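**Student:** Have a look at this one.
The values are calculated or read from the model by the stated rules, or taken from the named source; none is laboratory data. Values in this document were obtained by computation on a predicted structure and should not be read as measured data. Positions of Cβ are backbone-derived with ideal geometry, glycine not excepted, and every protein chain shown enters the neighbour counts. In case anyone asks, the SASA skips ligands and DNA or RNA and just uses the protein heavy atoms, side chains included. Shrake-Rupley method; radii C 1.70, N 1.55, O 1.52, S 1.80 Å.
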Amino acid sequence: MTELSQTKKIKWGIIGLGGIANKFANDLLSIEDAELYAVASRSQEKADAFAKKYGATKAYATYEDLANDPNIDAVYIATPHALHKDNVLMCLEKGIAVLGEKPFAMDAKEVDDMIAKAKEKNVLLMEALWTYFLPHYRYVLNELENKTYGDILKIESDFGFKKPFDTEDRLFNKAVGGGSLLDIGIYPIFASLSTLGMPNNIEASATFFENGIDSSCHMVFNYGDNVTAHLKSSILEVFPTEAIFYCEKGTIKINREFHCPSTVTILANGIEKTIDFEYDSNIFGYKYETMHFNKLLQEGKKESDIMTFDFSRNLIKLLDDVREIINLNY
């Protein structure tokens with residue numbers, strides 16, 4: 001990796017060119033201090049088409065070829081869950097800063113291995129859970145931290161959509177970590193962890209497809225003093241996909257698709273108000289985590305002060321704990 005200056009454009013690479021990679025690449029175009037330099041797929045044809053669409057300089061037919069390019073400053077890992085660890089370690093070994101898509105890896109052991117490698121190589125590593133960096137979510141976190149409406153009494157958060165079962169789709173492929181929990185259940189869990197922290201205990205139940213991946217998951221996180229988080233994920237039915245924080249003096253609701261750019265409705269003292277954060281309709285919202293990552297890289301930081309290693313460790317531990325309760329094994 002080349003040395004960075006405060007004015008140099010960060011040369012990004014993308015490994016794995018699916019739907020999320022397209023959204024990331026689109027948003028990268030709107031960031032002044034970044035450029036999409038290289039992309040990698042397992043198909044040269046796909047890599048060429050992606051590079052042409054987003055103006056990348058290089059298109060590689062293997063992930064290894066991209067990792068071996070000495071001009072790359074940072075890599076976004078957008079491969080299926082089960083490949084995250086190997087892809088991340090490969091890039092860290094080359095001294096390339098890594099933004100790794102959520103879930104960071106398949107379990108806590110893999111996450112620990114990745115963090116250990118980042119520390120060994122003294123290279124920046126961060127989990128890409130974009131919601132943490134969105135302005136509306138930062139606003140809600142600030143309101144809750146300042147106890148504007150008192151302490152949280154209960155959280156309700158869900159994420160659900162309906163999709164036809166298709167073993168060709170990674171979402172339904174157990175070999176790459178398919179199922180509702182790791183793919184979308186992570187968001188309601190994140191909503192609870194980022195506001196209430198680690199629970200005292202967890203209750204969970206799930207339904208399963210015939211191939212052993214979870215089709216839905218219902219969880220209750222207990223925090224003591226009757227404070228609870230009720231969390232759901234499903235790829236069998238459509239949910240509101242909201243995050244609602246019931247507090248002592250009011251309710252804060254992040255409206256539909258809370259994990260994406262959204263609006264926030266507050267009900268307090270009998271008055272309801274909705275805050276519109278006026279997101280740019282030309283972006284998906286991935287630019288905020290990327291801008292944070294770029295700043296860390298330019299400042300020579302090796303760990304985010306928002307998406308910390310400890311936060312990623314706790315997040316994967318909660319996923320592991322739920323998996324153990326519902327007997328979901330990969």
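**Student:** Check residue 94: other-chain or 5+ apart residues with amide H under 5 Å from its amide H, H built from backbone geometry?
**Tutor:** Answer set, sorted by chain and number: none.
**Student:** Shifting gears a bit: For the chain, how big is the tail of P(r) above 26 Å, as a whole percent of Cα pairs?
**Tutor:** Roughly 48 percent, once rounded to a whole number.
**Student:** Take the chain, connect every pair of alpha-carbon atoms lying under 10 Å apart with a spring to form a Gaussian network, then pick out the residue of 23, 287, 147 with the largest mean-square fluctuation.
**Tutor:** The residue with the greatest mean-square fluctuation here is 147.
**Student:** With the full set of protein chains in place, find how many percent of the accessible area of region 38-120 is carbon and sulfur; take the probe as 1.4 Å.
**Tutor:** Carbon and sulfur: 48 percent of the exposed surface of region 38-120.
**Student:** What nm distance separates the two modelled labels at residue 211 and residue 141, each placed 7 Å from Cα along Cα→Cβ?
**Tutor:** Reported label-point gap for residue 211 and residue 141 is 3.5 nm.
**Student:** Just from its helices, what would the mean residue ellipticity at 222 nm be for the chain, if runs of 4 or more DSSP H residues each count -39500 (n - 2.57) and the sum is divided by every residue, rounded to the nearest 500 deg cm²/dmol?
**Tutor:** Roughly -9500 deg cm²/dmol at 222 nm, from the helical runs in the chain.
**Student:** What's the magnitude of the charge dipole for region 196-284 around its Cα centre, counting Lys and Arg as +1 and Asp and Glu as -1 at the beta-carbon? Answer in Debye, nearest 20.
**Tutor:** About 200 debye.
**Student:** Turning to a different aspect of this structure: Please give the charge dipole size of the chain, origin at the Cα centre, charges +1 on K and R Cβ atoms and -1 on D and E Cβ atoms. Round to the nearest 20 debye.
**Tutor:** Computed about the Cα centre, the dipole is about 420 debye.
**Student:** I've got another one for you. To the nearest 20 Debye, how big is the dipole of region 28-95 about its Cα centre, given +1 on the beta carbon of each Lys and Arg and -1 on that of each Asp and Glu?
**Tutor:** Using Cβ point charges on Lys, Arg, Asp and Glu, region 28-95 gives about 280 debye.
**Student:** Take the chain, connect every pair of alpha-carbon atoms lying under 10 Å apart with a spring to form a Gaussian network, then pick out the residue of 80, 164, 261 with the largest mean-square fluctuation.
**Tutor:** Fluctuation is largest for 164.
**Student:** Considering only Cα-Cα distances, which of the following residue pairs are longer than 31 Å: 94/232; 163/253; 85/232; 58/232; 8/119?
**Tutor:** 94/232; 58/232
**Student:** Okay, next question. Determine ³J(HN,Hα), in whole Hz, for all residues of region 294-307 in sequence, where each value follows from phi through the Karplus function 6.51 cos²θ - 1.76 cosθ + 1.60 and θ = phi - 60°; x replaces Gly and Pro.
**Tutor:** So the Karplus estimates, Gly and Pro as x, are 4, 5, 4, 5, 5, 8, x, 6, 10, 8, 6, 8, 9, 8 Hz.
**Student:** Expressed in whole Å with the largest first, what are the equivalent ellipsoid semi-axes of region 51-136 derived from the C-alpha gyration tensor as the square root of 5 times each eigenvalue?
**Tutor:** They are 21, 17, 13 Å, listed largest first.
**Student:** Can you list which of the GluC sites (Glu not before Pro) found in region 120-183 are DSSP loop residues with at most 12 other C-beta atoms within 10 Å?
**Tutor:** 168
**Student:** For region 262-330, just say rounded, prolate or oblate: build the C-alpha gyration tensor, square-root its eigenvalues into a ≥ b ≥ c, call rounded for a/c under 1.5, and beyond that prolate if a/b exceeds b/c, oblate if not.
**Tutor:** It comes out oblate by the Cα gyration axes.
**Student:** Extending each Cα 7 Å along its Cβ direction at residue 49 and residue 273, get the distance between those two points in nm, one decimal.
**Tutor:** 4.8 nm
**Student:** Indicate, rounded to the nearest 5 percent, the antiparallel portion of the DSSP beta bridges found entirely in the chain.
**Tutor:** Given both bridge residues lie in the chain, the antiparallel proportion sits at roughly 55 percent.
**Student:** How far apart, in nanometres, would the label points at residue 282 and residue 122 be if each is projected 7 angstrom from Cα along the Cα-to-Cβ direction?
**Tutor:** For residue 282 paired with residue 122, the spin-label model returns 4.0 nm.
**Student:** Would region 195-277 count as rounded, prolate or oblate if I go by the C-alpha gyration tensor, calling it rounded below 1.5 in a/c and otherwise prolate when a/b exceeds b/c, oblate otherwise?
**Tutor:** oblate
**Student:** I want the antiparallel fraction of DSSP beta bridges within region 129-259, as a percent rounded to 5.
**Tutor:** About 80 percent, rounded to the nearest 5.
**Student:** Right, here's the next one. Roll a 1.4 Å probe over the protein chains and send me the accessible area per residue for region 66-221 in Å².
**Tutor:** Here the residues of region 66-221 average 35 Å² of exposed surface.
**Student:** Can you pull the percent of region 218-330's accessible area that's carbon plus sulfur, 1.4 Å probe, other chains left in place?
**Tutor:** 46 percent
**Student:** Here's something else I'd like to know. Using a Gaussian network model of the chain with C-alpha springs under 10 Å, which one of 268, 105, 78 is most mobile by mean-square fluctuation?
**Tutor:** Residue with maximal mean-square fluctuation among 268, 105, 78: 268.
**Student:** With every protein chain left in place and a probe of 1.4 Å, what is the accessible surface of residue 273, to the nearest 10 Å²?
**Tutor:** Using a 1.4 Å probe on the heavy atoms, I get roughly 100 Å².
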